[in-house]
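Beneath this line is the structure, given in structure tokens, with notes to follow.
The values are calculated or read from the model by the stated rules, or taken from the named source; none is laboratory data. None of these values were measured; they are calculated from a predicted model. Every residue, glycine among them, receives a Cβ derived from its backbone with ideal geometry; neighbour counts consider all protein chains shown. These area figures cover heavy atoms from the full protein model, side chains too; ligands, DNA and RNA do not enter into them. Shrake-Rupley method; radii C 1.70, N 1.55, O 1.52, S 1.80 Å.
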Amino acid sequence: LEALGGWGAEGLRSFRISKMREQWGLRSLGLGLLLLSLSFIPCALSQDDDDEEVSSFSASASSDGSASLLTTTIQGMLGSDKFLAAAKKYPLRVMLDGGKKVALPRADGSFSLYHVSEGVHLLEVDAPNFIFEPIRVEVFQKGSGLKVKCFLHNENLGGRAVPYPLRLAPQGQVKV
């Protein structure tokens, strides 16, 4: 216990716990530890009895320390090899709800938007000189997870369903 600088094992433990409370801003360290432990539970994509996609989810804590809603990750892929080769000179972004969440596509065109809460969202692709249809993403609770359904956000097409995980291709290219 001399190595602990006179704190003693119990004193050092209390000091670490109080520092964690300060850093995390949680009223209850127990809630923080519970949520931290939940984040290490692997949640894979699975099929429910309707043969529809149920996505992985995680719990989070709000700034006041109370448990809040479940969140999920929206995943997809942009275009074809031909599109990705043509788009290399342009910055690409996948935006949710007007840019509240933004993902930069990886080199292979895949993207992930993390911590998406339950509700109806608008997904748009910002690709200079390319036109993508906006997608309406509906995230809702089903069983113990969140379910994701996607639809074209074009009133002329009547909100046609789009397969999830998303595979988005440009509808055209703007000639400059």
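Once both labels are positioned 7 Å from their Cα atoms along Cα-to-Cβ, the gap between Lys88 and His115 label points is 3.4 nm.
Selection among Met95, Tyr164, Phe130 by position relative to the dipole of the range 80-170 gives Tyr164 as farthest towards the positive end (Cβ unit charges, Cα centre). Remark: relative contact order (the range 77-176) = 26 percent; criterion is Cα-Cα distance under 8 angstrom and separation of 6 or more residues. Over the C-alpha atoms of the range 73-124, the Rg to Rh ratio, Rh being the Kirkwood estimate, stands at 1.00. Solvent-accessible area of the range 81-122 (1.4 angstrom probe, protein heavy atoms only): carbon and sulfur portion equals 55 percent. Placing R0 at 22 angstrom, the Cβ-Cβ distance between Arg136 and Lys100 gives a FRET efficiency of 0.90 after rounding to 0.05.
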